[in-house]
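Q: Please read through the structure below; I'll follow up with questions.
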Amino acid sequence: MQHVKQATNELVLSDQQLLFIGKTFAHQLDFALNGCAGQTLQVFPTFIDQIPQGTERGHFLALDLGGTNFRVLYIRLEGDRQSWLINQTYSVSQQLMKGRGEDLFDYIASCLFNFVKENGLLNIKLKLGFTFSFPCKQTSRNQAVLTHWTKNFQVSGVVSRDIGEMLKCSIAKYENLDIEVAAILNDTTGTLISCAYQEPDCRMGVIIGTGVNICYMESHCLDKEMIINTEIGAFGSANHCLDFIRTRWDKQLDEGSLNVGQQLFEKMVSGMYLGEIVRTIVVDLMKAGILSSQVFGAFTARNSFTTSNISCIELDSPTSASFTHTKSVFESMQISQASVDDCASLHLICSRVSARSAHLVSAVIAALLNRMARRQTVIGVDGSVYRCHPHYKTIVNDKVGTLLPLYDSDDNSALVKHFRLMLSEDGSGRGAALIASLSARPTYQGVQCEDCSRLGQIECPTCVATA
Ligand code: GLC
């Protein structure tokens with residue numbers, strides 16, 4: 001165990017290192033927002049320049065593509081910061097994730113058609129928000145050109161094309177679908193907006209799931225306030241500025257990935273990679289004779305250890321006498337002879353890998369809070385790692401709390417910046433509906449809302465007023 005501790009020390013990042021990372025990010029962000037030549041971070045303005053008022057009403061469709069599943073949602077915004085939704089999850093096969101763009105969008109439209117049919121919404125004019133969680137250059141709220149694929153997607157014929165247009169073409173193949181693609185958004189934007197519907201102080205949206213990303217409301221650099229998608233997952237890829245913390249295990253993982261040299265921050269942080277980092281470390285320590293190959297032999301198979309295994313193992317205390325959860329993970333891998341010391345070693349590797357992830361996210365959150373310089377900021381957060389890991393939230397909360405005042409002393413600023421992490425409830429769906437509703441506002445200025453008269457039970461503000 002002592003040897004494992006020593007061998008994995010480089011996973012532990014000091015506050016000074018994290019502060020340096022935060023400041024490097026802040027500097028690159030400034031460069032990117034000012035459109036300076038040679039920028040190393042590609043950030044995307046979203047064209048969303050307002051926070052919901054909480055009074056938004058109406059009914060919308062939403063699509064959510066970005067992780068392992070694809071979802072179709074029907075959302076009713078009820079005003080008073082309330083909403084209601086139904087949703088259906090569809091799987092996205094490996095074939096679709098690596099196939100042709102047209103097939104992917106036709107599949108999306110076919111799921112949408114089935115959903116609309118099953119819920120009695122055929123021939124009803126509805127606005128749709130599409131949460132498409134990949135890097136896109138937006139030119140308006142409903143035009144978004146994909147710059148490159150991330151996570152486990154590599155669909156041909158989509159990069160450099162407008163996602164809104166491709167979706168419209170596939171939807172147009174169904175006569176009974178009367179749907180307007182009103183908004184294309186990132187999942188972080190959806191998270192920010194859906195949390196802001198409930199908490200007016202929300203100005204940041206964070207996802208720590210299959211991928212990692214952060215958006216925030218920028219108010220200094222552009223002509224007006226606007227949500228900026230930082231695509232933080234790519235941080236460190238263009239100029240190797242994170243190489244001083246990248247270990248040989250990170251490099252090994254990158255070399256075996258679909259997108260070598262890209263998404264280097266994401267590869268140290270997100271759910272798609274954490275389990276594989278732990279596995280890579282275990283195999284390395286086994287080769288070095290620090291871990292027993294009789295016990296850990298099963299770890300040699302790629303992807304044999306998952307990020308959800310980490311969450312399960314960390315339910316045990318590091319000083320546990322029994323390591324019940326850790327043992328159950330070993331058993332699920334057909335390993336029955338793990339000793340308490342083996343459990344403690346695996347537990348230590350998991351907790352160091354997950355704490356490093358949470359600390360890196362904290363470094364960027366603290367840098368953005370410092371930049372926004374607000375007295376009170378609510379941060380909407382979602383994603384499987386954040387939701388399922390037993391201590392992730394506490395680690396982020398504590399580390400942001402430690403790092404933020406370090407900026408204050410540095411900048412000589414007296415402003416105390418309070419923050420609160422808020423778990424987002426279905427931000428991808430509600431956020432998409434809210435953004436579609438922001439673009440839908442003018443349609444409700446007329447005397448009668450066609451949607452309500454046709455649907456009967458669903459009301460818009462105009463219909464409520466005239467009822
Ligand atoms: C990846 C995508 C990004 C998304 C994040 C979380 O980093 O590039 O757009 O927000 O994953 O899903």
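The values are calculated or read from the model by the stated rules, or taken from the named source; none is laboratory data. Note that the coordinates shown come from a computational prediction; the quantities given were computed from them, not determined experimentally. Virtual Cβ from ideal backbone geometry, glycine too; neighbours counted across all protein chains shown. Heads up: the accessible areas ignore ligands, DNA and RNA and are worked out on the full protein's heavy atoms, side chains in. Shrake-Rupley method; radii C 1.70, N 1.55, O 1.52, S 1.80 Å.
Q: Count neighbours as other Cβ atoms within 10 Å of each site's Cβ, and list the trypsin sites (Lys or Arg not before Pro) in segment 1-98 that are DSSP loop with at most 16 such neighbours.
A: Loop-located and lightly packed - Arg81, Lys98.
Q: Moving to a separate point now. Using the Cα centre of segment 1-64 as the reference point, and only Cβ charges (+1 on K/R, -1 on D/E), how large is the resulting charge dipole? Debye, rounded to the nearest 20.
A: With only Lys, Arg, Asp and Glu charged at Cβ, the dipole is about 140 debye.
Q: With only alpha-carbon pairs counted, each pair once and no self-pairs, how large is the Kirkwood hydrodynamic radius of the chain in angstroms?
A: For the chain, inverting the mean 1/r across all distinct Cα pairs yields 23.3 Å.
Q: Show the residues, 5+ positions off or on another chain, whose built amide H is closer than 5 Å to the amide H of Arg203.
A: For Arg203, whose amide H was placed from the backbone, the distant partners under 5 Å are Val378, Gly380.
Q: Sticking with the crude label model, points 7 Å out along Cα→Cβ, report the distance from Ser93 to Asp30 in nm, one decimal please.
A: That separation, rounded to one decimal, is 5.1 nm.
Q: Another question about this same structure. Putting +1 on Lys and Arg Cβ atoms and -1 on Asp and Glu Cβ atoms, find which of Cys241, His325, Ser339 reaches farthest to the positive end of the dipole of segment 229-339.
A: Toward the positive end, the furthest listed residue is Ser339.
Q: At q = 0.13, 0.17 Å⁻¹, work out log10 I(q)/I(0) for segment 19-129 with the Debye formula, treating every Cα as an identical point scatterer and leaving solvent out; two decimals please.
A: Each listed q maps to, in turn, -0.78, -0.95.
Q: Another one. What trypsin sites (Lys or Arg not before Pro) does segment 310-383 have in DSSP loop regions with at most 12 other beta carbons within 10 Å?
A: Qualifying residues, ordered by number: Arg375.
Q: What full-extension length gain, to one decimal in nm, is calculated for Arg248 and Met226 as 0.36 nm per residue of separation minus the Cα-Cα distance?
A: Answer, rounded to one decimal: 4.1 nm.
Q: What is the distance in Å between the Cα centroid of segment 21-58 and that of segment 348-406?
A: Taking the Cα centre of segment 348-406 as reference, the centre of segment 21-58 is 19 Å away.
Q: Could you work out how much longer the chain between Glu331 and Lys117 gets when fully extended? Use 0.36 nm per residue separation minus the Cα distance between them, nm to one decimal.
A: Length gained between Glu331 and Lys117: 72.6 nm.
Q: In whole percent, and with a 1.4 Å probe on the protein chains, what portion of the accessible area of the chain is carbon and sulfur?
A: That fraction is 49 percent.
Q: Then there is this: With the other protein chains left in place, how much accessible area per residue, in square angstrom, belongs to segment 228-359 at a 1.4 angstrom probe?
A: On a per-residue basis, 37 Å².
Q: Also, I was wondering about something else. With a cut-off of 8 Å between alpha carbons and a minimum separation of six or more residues, what is the relative contact order of the chain in percent?
A: 21 percent
Q: Treat each spin label as a single point 7 Å out from the Cα along the C-beta direction, and report the Ser293 to His3 distance in nm.
A: 1.3 nm
Q: Taking a threshold of 26 Å on the Cα-Cα distance, which of the pairs Lys125/Lys151; Lys98/Lys251; Lys224/Lys417; Lys251/Lys287; Lys5/Lys151 fall above it?
A: Exceeds cut-off: Lys125/Lys151; Lys5/Lys151.
Q: Can you give the helix-only mean residue ellipticity at 222 nm for the chain, where every DSSP H stretch with n ≥ 4 adds -39500 (n - 2.57) and the sum goes over all residues, rounded to the nearest 500 deg cm²/dmol?
A: Per the formula, -13000 deg cm²/dmol.
Q: Counting only heavy atoms of the protein chains, get the accessible area per residue of segment 158-226 (1.4 Å probe) and round it to a whole Å² value.
A: 35 Å²
Q: Under a plain spin-label model, where a point goes 7 Å from the Cα along Cα-to-Cβ, how far apart in nm are Ala321 and Ser304?
A: Label-label distance for Ala321 and Ser304, simple model: 3.2 nm.
Q: Now for a separate question. May I ask you to rank Trp149, Trp84, Trp249 by accessible area, largest first, using a 1.4 Å probe over the protein chains only?
A: Ranking Trp149, Trp84, Trp249 by accessible area, largest first, yields Trp84, Trp149, Trp249.
Q: Within segment 158-198, report the GluC sites (Glu not before Pro) that DSSP leaves as loop and that have at most 12 other Cβ atoms within 10 Å.
A: Sparse-neighbourhood loop GluC sites (Glu not before Pro): Glu175.
Q: Take each uninterrupted DSSP H stretch in the chain, measure its Cα extent along the helix axis, and return the ones at 30 Å or beyond whose mean Kyte-Doolittle hydropathy is at least -1.0.
A: Flagged H segments are 340-372.
Q: Okay, moving on. Can you sort Val159, Val283 by solvent-accessible area, 1.4 Å probe, largest first?
A: Most to least solvent-accessible, the answer reads Val159, Val283.
Q: Per-residue counts of other Cβ atoms within 10 Å, averaged by peptide: what ranking do you get for 421-434, 118-131, highest first?
A: 421-434, 118-131
Q: Moving on to the next point. To the nearest 20 Debye, how big is the dipole of the chain about its Cα centre, given +1 on the beta carbon of each Lys and Arg and -1 on that of each Asp and Glu?
A: 240 debye
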